[in-house]
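Just below is one structure, and these are the notes that go with it.
The numbers here are math on the coordinates, done by the rules we state, and not lab data. Values in this document were obtained by computation on a predicted structure and should not be read as measured data. Virtual Cβ from ideal backbone geometry, glycine too; neighbours counted across all protein chains shown.
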Protein chains: 2
Amino acid sequence: MSAYDDLLDHHRETEALAEVMGRLGWDQETVMPRGGAQQRAEEMGALEGVLHRRRTDPRIGAWLASIDEGGLGAAERAQLRHIRRSYSRAMRLPETLSAELARVTSRAQGIWAEARAADDVAHFLPTLTEVIRLKREEAAALAEGGDLYDALLDDYEPGATGQGIAEMFDRMRPRLVSLRERIMGSGRDHPALSGRYGAEAQLTLAREIATHFGYDWRHGRLDSSVHPFTSGSGTDVRITTRVDEAEPLGCLYSTLHEVGHGAYEQGIDPAFHLTPVGHGVSMGVHESQSRIYENQLGRSAAFCGWLYARFGEVFGQAGAADAQAFYAAVNRVHSGYIRTEADEVHYNLHIMLRFDLERDLIAGRLEAADLEEAWNTRFAADFGVAVDRPANGVLQDVHWSVGLFGYFPTYTLGNVYAGCLYQALRAAVPDLDAGLARGHAEPATDWLRAHVQRPGGLYAPAEVIERACGFAPHEGPLLDYLDTKFGAVYGL
Amino acid sequence: MSAYDDLLDHHRETEALAEVMGRLGWDQETVMPRGGAQQRAEEMGALEGVLHRRRTDPRIGAWLASIDEGGLGAAERAQLRHIRRSYSRAMRLPETLSAELARVTSRAQGIWAEARAADDVAHFLPTLTEVIRLKREEAAALAEGGDLYDALLDDYEPGATGQGIAEMFDRMRPRLVSLRERIMGSGRDHPALSGRYGAEAQLTLAREIATHFGYDWRHGRLDSSVHPFTSGSGTDVRITTRVDEAEPLGCLYSTLHEVGHGAYEQGIDPAFHLTPVGHGVSMGVHESQSRIYENQLGRSAAFCGWLYARFGEVFGQAGAADAQAFYAAVNRVHSGYIRTEADEVHYNLHIMLRFDLERDLIAGRLEAADLEEAWNTRFAADFGVAVDRPANGVLQDVHWSVGLFGYFPTYTLGNVYAGCLYQALRAAVPDLDAGLARGHAEPATDWLRAHVQRPGGLYAPAEVIERACGFAPHEGPLLDYLDTKFGAVYGL
C-alpha cells in the first residue's frame, strides 16, 4: 500500500461515518419520535467526536508529507487538494474552541427560537454576542493574519473573498433596487393562487415533477419536514419538502429546489463516491443547481403552462383564471419581510443586507448590540418598508445562532452561477422550452450532469462554472434574465 | 474523575454509537432507497470498526483493574459485571477471526437466500460448512477449555447452559408431543379467518392495540418491514410489523409481539439509559415480554372477544361466525413446516429440533453434510409429517447463515419465562380479564414494568424472573397453561 492509498482508505471510512451523521440528521427532521431528541444529541455528539479525531489524526499529516505528487493524475491531485485543505483547517482550530463553539451554538439555537417566538431581541443578545466572539476567535485562528471574514467564507465557498463578493454585490444592488421599484410602481399586483389543495395530491404531483426533472428514486426518497432539505451523498440522496394546503406552490417549488441539490449529488461520478471529491464542490455551486431547477426552469412560462393544466387534472382547480394568470401568480413580486418567502427579485436584496452586516460583525465594525438598528435602517432603504417586528427582521434566520457566518452570500453566488449556466444551457439546448411545455426537463438535467454535476470536487467552484459556460462567472446574465422576465410579467 | 467514572463515560459514548448502528439497521429495513445497499454496508462496516476498537480499548482493562468495588452500590457493581463480561469476550476473540466471521456471514446470508429460493441445499452447503468451522473456532476461543456451545449461548442468555436447557426441553417435549397428538386426533379443525382486510385499516388497528398495551409513542413509532423487528434502546424504541390483506392476524399479533420487546426497552429505568445495564438483560427475558403480550394476553379469550367486535367496526367483517369462532381461529393449531408461522403448541417443538441439531453441529457430533437428513428425520418424528422441500425444512431460517448458533433456545426460554410471569401476573392482578375484555392491558404492563422491565440488566436473567414470580423459573406453568387453554379450544 502506498501512502496515497492509506490516506484515501482513511478518508473513505471518515466519509462513510460522515454519511452516517447526515443520516441521523435526516432521521431527526423526518421520522424521529419527539421524545428522542436528547438521546439523539448524545448519539450525534459521540459520532462527532469520532469524526473530529479522524479528521485531526496526525497520520494524515505524515501521509501527506510522504506522497510524491509527480506520478499522480488530476483526480488524485484533486483528492489531495481537498484533504490538505480540510486537514489544515481542522489543525488550525484549537480543540477547546471547537468544543466551546459546539456547546454554545447548540444552546444558542434554542434561545434564538425563544427570542423569535417572543419578538425579544434582548433575550438573544447575550448569546449572539458570545457566538460572535467565538466566531471572531475561530476566524482569527483560521486566517493566520489574513482577512477574518474570508477565513469563514472559505469553508463554504473555497476561493471566494469578501472583497470580491462585495464588489459584485455593489454592481448588482442598484439594478435590483431599480427593478424592484419599477415593478412596485407598475400598478399591477398579480394575485396569488386561491383555493385549497389536498396534501396527498400535492405530494403525488411533487413526486411526478421530481421524476420529470431527473431525480433518481432508486437512490433517493421524498419526505415531509418543517424546513425542506437535501441529505446524503453517493447512492442515498434524500430530499424533503413541506406541505401547506392553502399554498401548493411552496411544496412544489421546494421540491424542485431540493431536486436540484439532490440531482447534483446523484450526478457525481460514482468513482468519487465516499471520497473527498465525491460531493458538490461548494455551497454556491450547489445553490446554482437548486436555483436553476427551481427558478429558471421551474418558474419558466413553458413549464408553468404545463403545470397549470396539470393542476386542473390533479386538484380539479388551478387557482387562477388562465395559464397566464397562473404564470403571473408563480412569479408574483411582493415586498415581504422574510427571506425564505422572497421572490426572485427581492431574494438577493435580502442576502446583500445580511452579507454586509455579518462582514461588519466579524470585522468588529459592528457589535451585536447595534445589529437590530443596522438591519432595520438597511431594510427600509432597500425594500421601501419598515420592519414591523424583530421576528420579521433581525431574528428571522437561524444561521447566525448556529454560527453560520460566511454562508449567506453563497445563496446569491448560486443565483449568479445559475444565471450563467442558464445562458449556456439555452445555447446548448435550443429546444428546452418544448420539453418544459410537456413538464419535462431531462435534457437540462443531462447537460447539467455532464458539465456541472459529474466532476464533483474535481475543479474549483468558479472553474466549474467557467468550464460549463465558456466564460468566467459574472452577475450580468442573472440581471439580464431578471430584467427580461419581470419586465414582461409586469409590463415594464 | 475516578476510574469508574472514566470507564462509564467511555461506555456511554460506545452505547450512543451502538444506538446509531441500530438506527442504520432500522433505516435499511424500512426507508432506505433500494440502490443504497452497497454504500450502507460500507457505512455500517466503518461504524462497526469504530465500535470494535472502542470495545477492545486496553484502557477498559486498566480502569477495571484499578477500581475498588468496596464502595460501590448494587447498580454500579452490575455495570461492572456487564462491562467485565463483554470486555473479556471481546478480548478473547482474535481480530482476524472476527473479521473473517463478519466477511463470511455477510456473504453467507445472500447465498442462503438463493439456496432457499431454489430449494437447493447443495448450493448452501460449502458456505454453511465454513460458517460452522468459524463458529466452532470462535466457541473454542471463548470457551477456554469449557463447553463450546455454552460459550456461544452465553452471548444471548448469560448464565444458561446447553445441559440445563437440554434437560428442561427433554421434560417438555413429551407433553408437547402428546398435546399436539391429542389436538390432531380431536377431529376438530377450526377454520382460519376468511375475507380481505385493508392494509391501512390493519395498521390503524395495530396502532390502537399498541396504545392499549402501553406502547409509548413519544419514544417510538410503527412502520412496515418484510420481517417485523424492534430497534433501539432508551428514548427511541421503534417497532415494525408486516401487512397481508388476506391475513390480518399476522399484522396485529406481530405488532403485539414487538410491542412486548419495545415496552421492555421503553420500561427500563431512565437512569440506566446509554449504560451497559440499560438494555433488556437477555434474549430469553426479552422474548418473555414479547410472548406474554402476544400470546398469554393477546390470544386470550377475553381480548379476542374485544378484538372480534372491533374487527366488525374497523373492517365491516370479522371473518368468523361469532366471537368464539374468532377466538378458535386466533388459536388454531395446525401442523406447519415453518417456525415463524407456528401456533403456541408447535412453536417450541420447532425450537427443540433446532437446539439439538445446532448443539450437535458445534460439538462436532454432526456435520453440515448430514444436517438435512437429521432435520427431516426429527421433523417427521415430532410433527407427524415429512418435510416436502428444503425451503420448508432445513433452509427456512436465516439464523445459521449469519452465525447465530445458541440463539434458538432463547425463544423457548422466553415462552417458559412468559408462562411463569403469567401465573404470577394473574395472582397479582386478579381482574386482568376485565381490562382485556375492553381491549386494554395497561395493568399487565404496569406490573411487568415494575417487576421485569424497569431493572434492565441489574440482575441475572433467571434472577429477574425469580424476583418477579417468587419462584425459580421452570417449564410447569407454560405447559399447564397450554394444556388448559388448548384442552378447552379443542374439547380434549
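Here are the numbers for the structure shown:
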item: Rg over Rh, two decimals, the protein assembly as shown (C-alpha only, Kirkwood Rh); result: 1.01
item: Charge dipole magnitude, Cβ of K and R +1, D and E -1 - chain A, Cα centre, debye nearest 20; result: 420
item: Relative contact order (%) - criterion: Cα under 8 Å, at least six apart; region: the range B:3-156; result: 19
item: Cα centroid separation, the range A:463-492 to the range A:242-313 (Å); result: 18
item: Two-decimal log10 I(q)/I(0) for the range B:3-156, as the Debye equation yields it once each C-alpha is a single scatterer, q = 0.10, 0.17 Å⁻¹; result: -0.49, -1.18
item: Per-copy distances of the B:ARG389 label point, shortest first, in nm (7 angstrom along Cα→Cβ); result: 6.9
item: Percent breakdown of C-alpha pair distances by 20 Å bin, ordered from the shortest bin, for the range A:148-492; result: 31, 61, 8
item: Ascending list, in nanometres, of distances separating the A:ASP446 label from those of the other copies (7 Å, Cα toward Cβ); result: 6.9
item: Environment charge at A:GLU43 (Cβ cut-off 13 Å; Lys +1, Arg +1, Asp -1, Glu -1); result: -3
item: Positive-pole candidate from B:GLY403, B:ALA428, B:TYR417, dipole of the range B:387-492, charges at beta carbon; result: B:GLY403
item: Net charge over other residues, Cβ less than 13 angstrom from the Cβ of B:TYR459 (K, R count +1; D, E count -1); result: +1
item: Cβ-defined net charge surrounding B:THR14, 11 Å radius [Lys, Arg +1; Asp, Glu -1]; result: -1
item: Contact order normalised by residue count of chain B, Cα under 8 Å, 6+ apart, percent; result: 20
item: Sparse-neighbour loop sites [GluC sites (Glu not before Pro); the range A:192-279; at most 16 other C-beta within 10 Å; DSSP]; result: A:GLU245
item: Hull volume in cubic angstrom per residue (convex hull over the Cα atoms of the range A:188-337); result: 118
item: Estimated FRET transfer efficiency (A:GLU167, B:ASP9; beta-carbon r; R0 45 Å; 0.05); result: 0.30
item: Across the identical copies, how the A:ALA122 labels are spaced - nm, sorted shortest first, 7 Å along Cα→Cβ; result: 8.6
item: Convex hull projection area averaged over all views, the range B:115-242, Cα basis, nm²; result: 14.0
